[in-house]
Amino acid sequence: MKNIGMTKDYSCEYFNPEIETMTREQIEALQLERLKATVKHCMNSPFYKKRFKEAGITPEDIKTLGDIRNIPFTTKQDLRDTYPFGLASVSIEKCTRLHSSSGTTGNPTVILHTDKDIDEWANQVARNLWMVGLRPTDVFQNSSGYGMFTGGLGFQNGAEKLGMLTVPAAAGNSLRQIKFIKDFGTTAIHAVPSYLTRLKEVMDQEGIDPRRDTKLKVFAIGAEPHSEEQRKRIEDMFGVKAYNSFGMSEMCGPGVGFECKEQNGLHFWEDYYIVEIVDPETLEPVPDGEIGELVLTSICREAMPLLRYRTRDLTRVLGRSCPCGRNHVRLDRMKGRSDDMMVLKGVNIFPIQIEKILMRFPELASNYLITLTTDEDNDNMTVEVELEDLFTDDFQRLLDLASRIKRALKDEILLTPHVKLVPKGSLPVSEGKAVRVIDKRKVYQ
Ligand code: COA
Ligand code: AMP
Ligand code: ZN
């Protein structure tokens, strides 16, 4: 693998100048070299060895970048089926960390990392933060959940690699976040967009004007879908530039794609990933400019590279050049999902996870409805569920039941929904496929 090559010159626009300014020909040559090496490496994983055998191909059949289309797709289901370590391409003792994200049912998806993976991941994040003007003189505060959420340690390591003073504030506790921002002179924050509106609400209550009372200048916003309008609103509220940050645990975490100062789409780092956009029905490539499902192949990972991973995120190619001098592909902000996964407060949730919990309660009937809303600048989930029997005369019993359901749901989905118990027959019965989720947030546009 090539040396990462970091700049030390603060006036340089690029963190990895040699890689970031590659021509398309150079990018593609590097991708082919890395794809071939990755495919060979994947043969250490029993899963891929079997997949290749079933598909009747060998690593030697990959001679051009176009040959990637002969490789079968990898899916979240494959991660579930091989839970926890079946997709590793190195021995477990070589791995130094794992992260996990929500699975559809039962097992979460587990992603393994070696030391080198963690270092390359930090490099991607540092590259992004440098790209939007951050330097070692900046103070970076991370309001992501730490622990299993990759937004915590992912941004932490990247900001440290860049050399910033890094404040691992973690999620929640807005008053403390604001104190840190003021006392430590925070200039940049990573947060999910919905949380920034909450933070501003608390600043208003405290009589704090971000323009007057803080040194904030850059936000990295991501981990959940948001519209251009939402970004503009955040920028206007704080007087701070907000850059879209795309990541997913399966590829590493945050760092996969990020906007440059032009704010004209997310640069996906093609020295790390091969990007394909396919029709989610036919799985055939769609032309540039057309919306399809994002498929990613990680070509610079050791522990657990994934070949042609179906992200289920919908987007399109905007271009392969940019006034910023980077020719790494630019993708549009995410336009939706080709499955039913929801992202709320930066947490991924599948409706089936909720159903599984509700069905454990004998007091509940099988009809339920999940509504996602933005209330007074907080994003929320309300789960309405029908009672099997009416016992409305016993109010305390109802309260206890709602609170037990709420706790069980929080354990499963990691955030706290409102729970409303309703009489049987009062929720709409849909004809055909049941409508289980109503998303009133309008996050996609
Ligand atoms: N990031 C940071 N803080 C958040 C948040 C988010 N995504 N969502 C809510 N919060 C804050 C709330 O504002 C509240 O703090 P405050 O009252 O001092 O303002 C506190 O967290 C609790 O929020 P609440 O909505 O009552 O809690 P919840 O039980 O529904 O769970 C979190 C919320 C924060 C624990 C959970 O959503 C979480 O961990 N989110 C972070 C996910 C993340 O980092 N994703 C990135 C992945 S790359
Ligand atoms: P996780 O694996 O938990 O990090 O979640 C990854 C998923 O979060 C992605 O597949 C997207 O659906 C969503 N996501 C992450 N970043 C963004 C973003 N900037 N815009 C829209 N969705 C995002
Ligand atoms: Zn650019």
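The values are calculated or read from the model by the stated rules, or taken from the named source; none is laboratory data. Predicted, not measured: the structure shown is a model, and the values here were computed from it. Here the Cβ is made from the backbone with ideal geometry for all residues, glycine too, and neighbour counts use every protein chain on show. Surface areas here come from the heavy atoms of the whole protein model, side chains and all, with no ligands, DNA or RNA. Shrake-Rupley method; radii C 1.70, N 1.55, O 1.52, S 1.80 Å.
Evaluate E = 1/(1 + (r/R0)^6) for Q263 and R211, where r is the Cβ-Cβ distance and R0 equals 22 Å; express this FRET efficiency to the nearest 0.05.
0.65
Please get the size of the charge dipole for the chain, origin at its Cα centre, with Cβ charges of +1 on Lys and Arg and -1 on Asp and Glu, quoted in debye to the nearest 20.
Rounded to the nearest 20 debye, it is 680 debye.
Would you compute, from DSSP H runs of 4+ residues alone, the mean residue ellipticity of the chain at 222 nm, taking -39500 (n - 2.57) per run and dividing by the full residue count, rounded to the nearest 500?
The per-residue figure over the chain is -9000 deg cm²/dmol.
What Kirkwood hydrodynamic radius, in Å, does segment 102-244 give when the mean of 1/r is taken over all pairs of distinct Cα atoms and then inverted?
Computed over Cα pairs of segment 102-244, the Kirkwood hydrodynamic radius comes out at 15.7 Å.
Return the sequence-ordered ³J(HN,Hα) values of segment 7-14 in whole Hz as given by the Karplus equation 6.51 cos²θ - 1.76 cosθ + 1.60 applied to θ = phi - 60°, using x for Gly and Pro.
Residue by residue, segment 7-14 yields 7, 10, 8, 4, 7, 6, 6, 10 Hz.
With the Cα gyration tensor of the chain in hand, convert its eigenvalues to equivalent ellipsoid semi-axes via √(5λ) and list them largest first in whole Å.
So the three semi-axes of the chain are 36, 30, 19 Å.
Residues with amide H under 5 Å of Y273's amide H, sequence separation 5 or more or different chain, H placed in the peptide plane at 1.01 Å from N; which?
I299
Putting +1 on Lys and Arg Cβ atoms and -1 on Asp and Glu Cβ atoms, find which of V383, A365, V317 reaches farthest to the positive end of the dipole of segment 293-393.
V317
Distance between the C-alpha centers of segment 373-399 and segment 53-82? Whole Å please.
46 Å
What GluC sites (Glu not before Pro) in segment 381-445 are in a loop by DSSP, with at most 16 other Cβ atoms within 10 Å of the Cβ?
Sites meeting the loop and neighbour criteria: E388, E431.
Distance from a point 7 Å along Cα→Cβ of R69 to each backbone N in segment 279-308: keep the residues under 14 Å and list them by number.
279, 282-288
So, in Å, what gap is there between the alpha-carbon centers of segment 305-340 and segment 171-186?
Comparing the Cα centres of segment 305-340 and segment 171-186, I get a distance of 33 Å.
Compare the Cα positions of F155, V132, M6 along the charge dipole of the chain (+1 at Cβ of Lys, Arg; -1 at Cβ of Asp, Glu; about the Cα centre) and return the one farthest towards the positive end.
In the chain, that residue is M6.
Per the Kirkwood formula on distinct C-alpha pairs, the Rh of segment 341-439 is how many angstrom?
Computed over Cα pairs of segment 341-439, the Kirkwood hydrodynamic radius comes out at 14.0 Å.
Hey, can you grab everything whose amide H is under 5 Å from the amide H of T416? Only 5+ residues off in sequence or another chain; H modelled, so Pro and N-termini drop out.
Here nothing satisfies the definition.
Using packing as a proxy for protection, rank 433-443, 132-142 so that the peptide with the highest average count of other Cβ atoms within 10 Å comes first.
The most tightly packed comes first, giving 132-142, 433-443.
In whole percent, how big is the carbon plus sulfur part of the accessible area of segment 215-280, probe 1.4 Å, protein atoms only?
Its accessible area is 46 percent carbon and sulfur atoms.
Report the convex hull volume per residue for segment 3-97, counting only C-alpha atoms, in Å³.
Looking at segment 3-97, the number lands at 148 Å³ per residue.
Rank V429, G289, I71 by how far each Cα sits towards the positive end of the charge dipole of the chain (+1 on Lys, Arg Cβ; -1 on Asp, Glu Cβ) and give me just the farthest.
The listed residue farthest towards the positive side: I71.
Going by a ≥ b ≥ c, the root eigenvalues of the Cα gyration tensor, does segment 282-421 fall in the rounded group (a/c under 1.5), the prolate group (a/b larger than b/c) or the oblate group?
Prolate shape, in that a/c is at least 1.5 and a/b is the bigger ratio.
Just to confirm, what accessible area per residue do you get for the chain at 1.4 Å probe, in whole Å²?
That works out to 43 Å² per residue.
For segment 303-343, take the convex hull of the Cα atoms, compute a quarter of its surface area, and give me that in nm², please.
4.7 nm²
Can you list residues whose amide H is under 5 Å from V329's amide H, if they're 5+ apart or on another chain and H is modeled 1.01 Å from N?
Counting only residues 5 or more places away or on other chains, the set is F268, E270.
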